[in-house]
């Protein structure tokens with residue numbers, strides 16, 4: 001693979017809660033509260049593929065410089081979302097990367 005595009009945005013996804021007891025055993029991947037994933041365009045290793053179903057539209061709003069507040073978020077480039085299995089609550093935030 002020849003990665004040539006670094007991306008205009010950097011994303012940080014943090015795990016806020018896992019299941020009802022906040023235990024890694026409540027997630028099929030063993031994701032734990034406090035786990036953080038940082039990336040630009042591609043998804044990082046160890047990232048949950050199922051959560052990407054809900055994450056994709058959020059990332060596209062941010063990449064398009066839209067405003068997540070129109071979707072109920074409290075900030076234009078930050079929101080929380082639940083994985084489709086209902087096990088993990090994530091916070092995702094986007095930050096514009098300086099050109100150069």
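The values are calculated or read from the model by the stated rules, or taken from the named source; none is laboratory data. Since this is a predicted model, take the numbers as computed values, not measurements. A quick note on method: Cβ atoms are made from the backbone with ideal geometry, for glycine too, and the neighbour counts reach across all protein chains shown.
Restricting the search to segment 75-88, which residues are farther than 16 Å from residue 56 by Cβ and within 10 Å of the chain's Cα centre (by Cα)? Result: 78, single match.
Check residue 34 against each of (1) in a loop (DSSP other than H, G, I, E, B); (2) under 24 Å from residue 6 (Cβ atoms) and name the one condition it does not meet. So the condition that residue 34 fails would be (2). In the set (1) modelled with pLDDT of 90 or more; (2) surrounded by 11 or more Cβ atoms within 10 Å (Cβ to Cβ), residue 43 fails one condition alone, (1). Total residues in segment 46-74 satisfying the condition of being farther than 17 Å from residue 87 by Cβ, loosely packed, with under 15 Cβ neighbours inside 10 Å and within 11 Å of the chain's Cα centre (by Cα): the figure is 2. The set of residues in segment 17-28 being loosely packed, with under 15 Cβ neighbours inside 10 Å and either part of a loop (DSSP other than H, G, I, E, B) or in contact (Cβ under 8 Å) with a residue 24 or more places away in the chain (or both) consists of 20, 21, 22, 23, 28.
Of everything listed in (1) within 11 Å of the chain's Cα centre (by Cα); (2) touching a residue at least 40 places away in the same chain (Cβ under 8 Å); (3) under 26 Å from residue 98 (Cα atoms), the single unmet condition for residue 43 is (2). Taken across segment 53-60, residues that are outside any loop (DSSP other than H, G, I, E, B), at pLDDT below 95 and in contact with a helix residue (DSSP H, G or I) (Cβ under 8 Å, 6 or more places away or on another chain) do occur, with at least one present.
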